[in-house]
Amino acid sequence: MNFLRKIFEETGKFVEKGKPLSWAYPVWEAADTIFFSTNKQTSKGPHIRDNMDIKRTMFFVVIALIPCYLFGAYNIGYLNALALDIDRSLLANTFFGFGYVLPILIATFVAGAVCELTFAIIRKHEVNEGFLVSCALIPLTMPPDVPLWQVFIGTSFGIIIGKEIFGGVGTNVFNPALTARAFMYFAFPTKISGDKVWAVGPDGYSGATALAIPANPVEYDTASNLFAASTQFDFSLMNMFWGLIPGSIGETNKLLILGGAFFLIYCGIASWRIIVSSVIGLVFTAFIFNLLSGFSTNAMLTITPLQHLLIGSFLFGTVFMATEPVTSSHTNTGRWIYGFLIGVLTVIIRSINPAYPEGVMLAILIMNMFAPLIDYYVVQSNIKMRLARNA
Amino acid sequence: MQKITIKKGHDINISGLASREFSNSPAQKFVSISPQDFNYIKPKLLVKEGDQVSLGDALFFDKINPDVKWPSIASGTISKIVFGERRAVLDIIIEVDKDNEANIESINQINLSSRDDVKGFITKNNFWPFFTQRPFNKVVDPNDNPKCIVVTLADSSPLANDLSFSLAENKDYIISALSNLKKLTDGNLYVAVRGDNFSFLSDYNFINLIQVEGPHPSGNVGVILNRVNPLNQNEVVWTVQGSHLPILGKLFSKGLLDFSMNINIGGPAVKPSYFKSRIGARFDLHKDSLLMENVRIISGNVLTGKQIDIDGFLGFYHSSFSVIEESFSRPFIGWLHPGGKSKYSVFNAYLGSNKKSYDFTTLQNGSNRAFVPVDAWEKVFPMDIYINALARSIEANDIDEMEQLGIYECDEEDVALCSFVCPSKSDVGAIIRRGLDTIYFDK
């Protein structure tokens, strides 16, 4: 360790203030504090501080995502074996999948690091670890064989437009990972939507996601019947929970997502209020739509609340994206409203808008936009209470 | 008796708590009073180096409010007046003359029956600096009429002076002090206690006894007020330090000028104990009890205290010294650390942490970052105030909104835990003080 410490101390001299390389200080500082915890001291009260910092906070979110990566890779291999009708071991499936996941991951991190470091240098601030979470989230929302240049552009867009132009982590309005996803969804629709992209198979292979089935039925029927009639994949509730179905890399296994949710809630990083209220909103709206389904020939209205929970990326979105602390509501009352409306909007966009069967992405982005407004009214009620007391 | 239970908060499990017994206390040769301990005053000196002073003599006064003078807390010689930048008075150091102090006669007693009597008596003896007010946490204006007076005997801060022990022998003085405090307000006199401590106070009707329960900051004046009688705009509440009650009581009941009090020294880097000492005591008498070389000595508690040198003095409103290690260590990949005894966090972010009392150091344990609202402040801030929104309004310099969001109810000490837990390592206390300053100088 001493050797490494020495390297940092020696190289640190080149980036001191006044030296020609001083512009590179944020890069050096980031590397330095990754290897050795900062020895920054408290200056005045409080003279002592908690051992939790933003590095660890962000790192914990990344840890919560690792199981989703492993399963995502396995699922790619599994679905591929299914398409080719061959037998492959668990390990071989996972390795096959990593052949797709790793390049996306690398492209994302390169794009994210370039943007974050550039802005840190230009703005002369320390590198903020938040980009690690954005970059860890983006690949999990991608289909397996998305072109890497698109990932690179999408990530750059998400980090710069979603975050940096607002001033970086802490002042951004939209979730950067979702901004990237939404950008790619509209900029490169052929590679990120439709039936052909979600499973890796032979040329021209097509595998519809669970959401696409009731969205484009050959003939009207209830969603449950349509799922049951689908022969290509097993869309039973159990199988959708275990996640052996086509979809974005990280969204399919609900058990691992719930595990990540419990981990983040236990550590005090994610807000359980947002997760719980969004599920309530989703179930509530789905239930209302079920009641109304008799008046329409839209099969999406017949999806039961439990199916809504398990299909698509709702759980992934609400656990890892909606709970992002900066872009969600900042008050606990606001978090209940914010989460509830995400659930409501997800079902509305899924069911009523046939063009975008995946609603959670847009639902969260819309609610990101309204979160400050919700907070405004929550805080106003506190102000009114105080004014009333004053009078 | 009223009972209030605070749920949000955290008792920091820091090592070095003094046991309830006194150690040998050497006599203080030097004491100091520092104008820097008082917010928003413009001190004008009445003494110079070499002057002889005796107990209670005025040392300086506030140019803004000339009725408020500061008493000499010892008899003896002004040995040094320390000036800082732009000739700000940092310290008035008095060399104590023990014999002279012993011979001081008690002041002719006067009948303190009315409010004006009490106020006049306080003015005459230069005792106003013992009275502070909310909002702004500054010395009171004697002409104000406080809506109530709060005294907390339930200090909940880390390693706090346990008043149920250190004030144990001063029952009569406490009653005398409180009964005269009651004369200063038309409103209630709230006295906060913890558990069954000071149960004798329940015999007195003029006291509104409040039993507080729960973690820090439950014993803070601001938190108690927020629960029992919230402070509104244009209102003033007075308070005195619980540890000062015997000093006030001695003056009110017997006309005695006696600035002695019991202090405690605590913290991971020192042998903790209680001492019989006095206001403005110098630390270096206790330097033998230090356990290591590199230490930070703090007058007051580790959350809101002031860093002092080894020959520094106890702040006017402080009744304890805290000592922690001045650490410069840089653990390898510390943010990946699994946990154990070497970590302490209110987040469940480390395995097996927080179990034992923890040796805190001066390390900030992280770099400063933009604020990420992970609901950390709110977990340790028990008032009905949106602290995050308030901090934002202060950053935006929006006075109207600060007032609407309740800045008058807050003081630095009430939000100290927010800074302690903040993963972005923000200094919330400094933000609140900046907001109060903005309002104070605007008016």
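The values are calculated or read from the model by the stated rules, or taken from the named source; none is laboratory data. From a predicted model like this one, the values you see are computed outputs, not experimental measurements. Positions of Cβ are generated from backbone atoms using ideal geometry, with glycine treated the same way; all protein chains shown enter the neighbour counts.
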With criteria (1) surrounded by fewer than 24 Cβ atoms within 10 Å (Cβ to Cβ); (2) more than 14 Å from chain B (Cβ to nearest Cβ); (3) touching a residue at least 24 places away in the same chain (Cβ under 8 Å), A:Asn93 comes up short on (3)
A:Val173 passes all but one of (1) modelled with pLDDT of 85 or more; (2) buried (at least 20 other Cβ atoms within 10 Å of the Cβ); which number fails?
-> (2)
State yes or no: is B:Gln28 surrounded by 15 or more Cβ atoms within 10 Å (Cβ to Cβ) and within 23 Å of B:Leu163 (Cβ to Cβ)?
-> yes
Within the group B:Pro129, B:Pro66, B:Pro142, which residue is within 21 Å of the chain's Cα centre (by Cα), of a type outside the set (Val, Ile, Thr) and not in a helix (DSSP H, G or I)?
-> B:Pro142
Condition test on A:Tyr25, is it more than 19 Å from B:Ser419 (Cα to Cα), more than 12 Å from chain B (Cβ to nearest Cβ) and either touching an Asp or Glu at 6+ places or on another chain (Cβ under 6 Å) or buried (at least 22 other Cβ atoms within 10 Å of the Cβ) (or both)?
-> no
How do the helices (runs of 4 or more DSSP H) wholly within region B:167-279 filter down when requiring 2 or more residues that are of a type in the set (Gly, Ala, Ser): which remain?
-> B:171-182, B:245-254
For region B:301-322, does any single residue satisfy the condition of being within 13 Å of chain A (Cβ to nearest Cβ), assigned to a loop (DSSP other than H, G, I, E, B) and surrounded by fewer than 19 Cβ atoms within 10 Å (Cβ to Cβ)?
-> no
Restricting attention to region A:210-239, and to residues there that are more than 23 Å from A:Phe295 (Cα to Cα) and among the polar types (S, T, N, Q), which single residue is modelled with the lowest pLDDT?
-> A:Thr231
Cβ-Cβ under 9 Å pairs, at least 6 apart or on other chains, region A:148-159 side within 15 Å of A:Ala136 (Cα to Cα), far side acidic (Asp, Glu) = A:Ile159/A:Glu116
Of all residues in region B:328-353, which are within 30 Å of the chain's Cα centre (by Cα), more than 7 Å from chain A (Cβ to nearest Cβ) and surrounded by fewer than 18 Cβ atoms within 10 Å (Cβ to Cβ)?
-> B:Ser342
Taking the condition in contact (Cβ under 8 Å) with a residue 24 or more places away in the chain and either within 9 Å of another protein chain (Cβ to nearest Cβ) or farther than 27 Å from A:Trp272 by Cβ (or both), does B:Ala391 pass?
-> no
Leading residue by the ranking (nearest to the chain's Cα centre (by Cα)) among those in region B:402-420 that are at the interface with chain A (Cβ under 7 Å from one of its Cβ atoms) and within 18 Å of A:Asp375 (Cα to Cα) = B:Gly406
State whether one or more residues within region B:288-295 are within 14 Å of chain A (Cβ to nearest Cβ), part of a strand (DSSP E or B), among the aliphatic types (A, V, I, L, M) and out of contact with any helix residue (DSSP H, G or I) (no Cβ under 8 Å at 6 or more places or on another chain).
-> yes
Hey, can you tell me all the residues within region A:282-294 that are modelled with pLDDT of 90 or more and surrounded by fewer than 24 Cβ atoms within 10 Å (Cβ to Cβ)?
-> A:Val283, A:Phe284, A:Thr285, A:Phe287, A:Ile288, A:Phe289, A:Asn290, A:Leu291, A:Leu292
Tally time: how many residues in region A:366-391 are within 11 Å of another protein chain (Cβ to nearest Cβ), polar (S, T, N, Q), over 26 Å from B:Val236 (Cβ atoms) and crowded, with 16+ Cβ neighbours inside 10 Å?
-> 0
So, of the residues in region B:56-103 that are among the hydroxyl-bearing types (Ser, Thr, Tyr) and farther than 21 Å from B:Pro129 by Cα, which turns out to be surrounded by the most Cβ atoms within 10 Å (Cβ to Cβ)?
-> B:Thr77
Only residues in region B:326-342 that are under 30 Å from B:Ile310 (Cα atoms) count as the first member; pair them with residues that are among the small types (Gly, Ala, Ser), Cβ under 9 angstrom, at least 6 apart or cross-chain, and list the lot.
-> B:Glu326/B:Ala269; B:Ser329/A:Ser37; B:Arg330/A:Ser37; B:Pro331/A:Ser37; B:Pro331/B:Ser342; B:Lys341/B:Gly352; B:Lys341/B:Ser353; B:Ser342/B:Ser353
Enumeration of residues in region A:351-383 that are farther than 30 Å from A:Thr297 by Cα and touching a helix residue (DSSP H, G or I) at 6+ places or on another chain (Cβ under 6 Å) | A:Ala371, A:Ile374, A:Asp375, A:Val378, A:Val379, A:Ile383
Quick one: is A:Phe152 part of a loop (DSSP other than H, G, I, E, B), under 18 Å from the mean Cα position of the chain (by Cα) and outside the structural domain of A:Val319 (by TED's automatic domain parsing)?
-> no
Considering only region A:28-59, state which residues are more than 7 Å from chain B (Cβ to nearest Cβ) and within 31 Å of the chain's Cα centre (by Cα).
-> A:Trp28, A:Glu29, A:Ala30, A:Ala31, A:Asp32, A:Ile34, A:Met58
May I ask you to list the residues in region B:359-375 that are under 27 Å from the mean Cα position of the chain (by Cα), facing chain A (nearest Cβ under 7 Å) and under 17 Å from B:His10 (Cα atoms)?
-> B:Phe360
Has region B:147-154 got at least one residue that is surrounded by fewer than 20 Cβ atoms within 10 Å (Cβ to Cβ) and touching a residue at least 60 places away in the same chain (Cβ under 8 Å)?
-> yes
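Yes/no per residue for (1) within 14 Å of chain B (Cβ to nearest Cβ); (2) within 30 Å of B:Ser353 (Cβ to Cβ); (3) surrounded by fewer than 21 Cβ atoms within 10 Å (Cβ to Cβ); (4) under 14 Å from the mean Cα position of the chain (by Cα):
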residue: A:Ser224; (1), (2), (3), (4): no, no, yes, no
residue: A:Ile265; (1), (2), (3), (4): yes, yes, yes, no
residue: A:Ile280; (1), (2), (3), (4): no, no, yes, no
residue: A:Ser296; (1), (2), (3), (4): no, no, yes, no
residue: A:Met321; (1), (2), (3), (4): no, yes, no, yes
residue: A:Ser329; (1), (2), (3), (4): yes, yes, no, no
residue: A:Ile337; (1), (2), (3), (4): no, no, no, no
Output the number of residues of region A:297-338 satisfying the condition of being farther than 27 Å from A:Ile213 by Cβ and not polar (S, T, N, Q).
-> 9
Within region A:60-90, residues being within 23 Å of A:Ile257 (Cβ to Cβ), more than 14 Å from every other protein chain (Cβ to nearest Cβ) and of a type in the set (A, V, I, L, M) number 7
Quick one: is B:Ile14 in contact with a Phe, Trp or Tyr (Cβ under 6 Å, 6 or more places away or on another chain) and either within 22 Å of B:Asp162 (Cα to Cα) or free of Cβ contacts under 8 Å to residues at least 24 places away in the same chain (or both)?
-> yes
Look at A:Lys191 and say whether it is basic (Lys, Arg), surrounded by fewer than 22 Cβ atoms within 10 Å (Cβ to Cβ) and within 19 Å of the chain's Cα centre (by Cα).
-> yes
